[in-house]
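Engineer: Just passing along the structure, written as structure tokens.
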Amino acid sequence: MANIILECSLGFLIYTYLLYPLIIWLMAKWFGKEITKRMPNQLPQITVVLCVYNSEKIIEARIRNIFALCYPTEKLNVIVVADGCTDNSCEKVQSLGLDNVKLVTYEKNHGKSYALSQALQNIETDLVLFSDVRQRFEEDVLQKMLPYFSDESIGAVTGNLLIEKSSGDPGLYWRYEKAIRKCESDYLSIVGVTGAIYMARTKLLPIFPTNVVLDDMYGPLSIIRQKYRVVYCEEAYAYDSGSLTLKEEFDRKVRTLAGNYQLFSLLPWTLNPFKNPVFFELFSHKICRLLVPYFMILTFISSALTNHWFGIFIFYSQLFFYGLTLLEYFFFYKKKGKTSFILSFIMLNLAALKAGLVYWIRPTSSLWKNH
């Protein structure tokens, strides 16, 4: 029995991290859907949405970055939703004196999903570009993303978030994730966007439920259900500084991974392969990742109980791997503040393990932090 459990659990892990990326790469190569990209002769009006909370130190620079884009200023509109700000964020926005910047404000902080819903009520353009206040855009992002919308099958386009600096090295794992995302996009659609940079057809966007954690999946999946594609533009860059500490990244991952459980309860059709056009991608990329830590535990226990040479090899390999993780944590992260792919991998799976407990024990609304 231990051998069977070991084979099944190890097979699940191999599928999640190796076979699925290979399968989706092959599907993109053999069955990928072409996109007709063309810059419109007459540039459309575009609205940029920023949802902010107590961002007085960076809001002015963020708005100036938007108007520094290579796009006619008179065709850019910015909506700033001040989500219960208690600092001088609103005053900073008003002091700019820009006619095409609209400030939406209210007293109580409700979270980003509520702020997005308030923004949607004020958008008058056919296209909307979403971002967060702490990131900045490359100047040509609109030239890179806008041509996708000449294809009527495209409902939304997400850009490429680059991490400029952090205490660790997210490079390898982040490149791995983006490679999978590109293959999913080339094949049909990605299941979630980067909240820091994505553009959508306004008419396709849903009204976000209050306190939904993963608005960057809720919106795209709602668009996909309307038979539109959500794709990835690798050449449209936004820049972020990344998390400062491993604990900060861990807490963020717990919150977002717990948000997956909430998403499935809000959109139960996503779990139905007959109703969800991207069920295969959602299951393989998102659901399997939530289950990985449980299969890692099964792999460890079953390999410890087997007498087969292969099981013994797997058991001692895991001991070495976890020992190396502890060594890196205490001697590299604790002393030098450096993280690695191994630490990031273990942190992510510990976060996935905790996320399930957090969702069922704590109210989901408590997962939201002021943004």
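The values are calculated or read from the model by the stated rules, or taken from the named source; none is laboratory data. Just so we're clear, the structure is a prediction, and the values are computed from it rather than from any experiment. Note that each Cβ is placed from the backbone with ideal geometry, even for glycine, and that neighbours are counted across all protein chains shown.
Engineer: Kindly list, by first and then second residue, each pair from a residue in the range 85-108 that is over 16 Å from residue 50 (Cα atoms) to a residue that is assigned to a helix (DSSP H, G or I), limited to pairs with Cβ atoms under 8 Å and residues at least 6 apart or on different chains.
Structural biologist: That search, which allows pairs on different chains as well, returns 95/60.
Engineer: Scan the range 282-317 for residues that are surrounded by 15 or more Cβ atoms within 10 Å (Cβ to Cβ) and of a type in the set (Phe, Trp, Tyr) and jot them down.
Structural biologist: Of everything in the range 282-317, those that are surrounded by 15 or more Cβ atoms within 10 Å (Cβ to Cβ) and of a type in the set (Phe, Trp, Tyr) turn out to be 283, 294, 295, 300, 315.
Engineer: Within the group 158, 210, 194, 202, which residue is touching a helix residue (DSSP H, G or I) at 6+ places or on another chain (Cβ under 6 Å), touching a residue at least 40 places away in the same chain (Cβ under 8 Å) and of a type in the set (Ser, Thr, Tyr)?
Structural biologist: Matching residue, one of 158, 210, 194, 202: 210.
Engineer: Which residues, counting only those in the range 34-59, are under 21 Å from residue 195 (Cβ atoms) and of a type outside the set (A, V, I, L, M, F, W, C)?
Structural biologist: Answer for the range 34-59, where residues must be under 21 Å from residue 195 (Cβ atoms) and of a type outside the set (A, V, I, L, M, F, W, C): 47, 53, 54, 55, 57.
Yes or no, residue by residue, for (1) of a type in the set (A, V, I, L, M); (2) touching a Phe, Trp or Tyr at 6+ places or on another chain (Cβ under 8 Å); (3) closer than 18 Å to residue 149 by Cα; (4) not in a loop (DSSP other than H, G, I, E, B):
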position	(1), (2), (3), (4)
177	no, no, no, yes
182	no, yes, yes, yes
208	no, yes, no, no
219	no, yes, yes, yes
222	no, no, yes, yes
233	no, yes, yes, yes
238	yes, yes, no, yes
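Engineer: Go through (1) outside any loop (DSSP other than H, G, I, E, B); (2) over 17 Å from residue 49 (Cβ atoms); (3) at pLDDT 95 or above; (4) of a type in the set (A, V, I, L, M) for residue 162 and report which single condition fails.
Structural biologist: Unmet condition: (3).
Engineer: Among the residues of the range 184-210, how many are crowded, with 18+ Cβ neighbours inside 10 Å, more than 16 Å from residue 130 (Cβ to Cβ) and over 13 Å from the mean Cα position of the chain (by Cα)?
Structural biologist: Of the residues in the range 184-210, 6 are crowded, with 18+ Cβ neighbours inside 10 Å, more than 16 Å from residue 130 (Cβ to Cβ) and over 13 Å from the mean Cα position of the chain (by Cα).
Engineer: Looking at the range 44-60 only, could you name the residues that are exposed (fewer than 14 other Cβ atoms within 10 Å of the Cβ) and either at pLDDT below 95 or at positive phi (or both)?
Structural biologist: Result: 57, single match.
Engineer: Turning to a different aspect of this structure: Which fully enclosed strands (runs of 3 or more DSSP E) of the range 62-156 have 1 or more residues being surrounded by 20 or more Cβ atoms within 10 Å (Cβ to Cβ)?
Structural biologist: 76-83, 127-131
Engineer: Taking the range 125-159, which residues are of a type in the set (A, V, I, L, M) and either at pLDDT 95 or above or more than 26 Å from residue 78 (Cβ to Cβ) (or both)?
Structural biologist: Passing the criteria: 127, 128, 129, 141, 142, 145, 146, 154, 156, 157.
Engineer: While we're on this one: Would you confirm, using the coordinates I've provided, whether residue 276 is under 24 Å from residue 26 (Cβ atoms) and polar (S, T, N, Q)?
Structural biologist: When the stated conditions are applied, residue 276 passes them.
Engineer: Given the condition over 27 Å from residue 19 (Cβ atoms) and either among the aromatic types (Phe, Trp, Tyr) or without any contact (Cβ under 8 Å) to a residue 24 or more places away in the chain (or both), answer yes or no: does some residue in the range 302-322 qualify?
Structural biologist: Yes, the range 302-322 has at least one match.
Engineer: Please name all residue pairs, on different chains or six or more residues apart, with Cβ atoms under 8 Å, provided the first residue is in the range 115-132 and is touching a residue at least 40 places away in the same chain (Cβ under 8 Å) and more than 18 Å from residue 54 (Cα to Cα) and the second residue is charged (D, E, K, R) and assigned to a strand (DSSP E or B).
Structural biologist: Correct list of pairs: 122/102; 126/201; 127/201.
Engineer: Within the range 267-279, how many residues are assigned to a helix (DSSP H, G or I) and either surrounded by 18 or more Cβ atoms within 10 Å (Cβ to Cβ) or over 18 Å from the mean Cα position of the chain (by Cα) (or both)?
Structural biologist: Looking only at that region, the number is 4.
Engineer: Can you pull out the residues in the range 34-63 that are over 23 Å from the mean Cα position of the chain (by Cα) and of a type in the set (Lys, Arg)?
Structural biologist: 37, 38, 57 - these are the residues of the range 34-63 that are over 23 Å from the mean Cα position of the chain (by Cα) and of a type in the set (Lys, Arg).
Engineer: Return the total of residues in the range 17-47 being in contact with a Lys or Arg (Cβ under 6 Å, 6 or more places away or on another chain) and among the aliphatic types (A, V, I, L, M).
Structural biologist: 1
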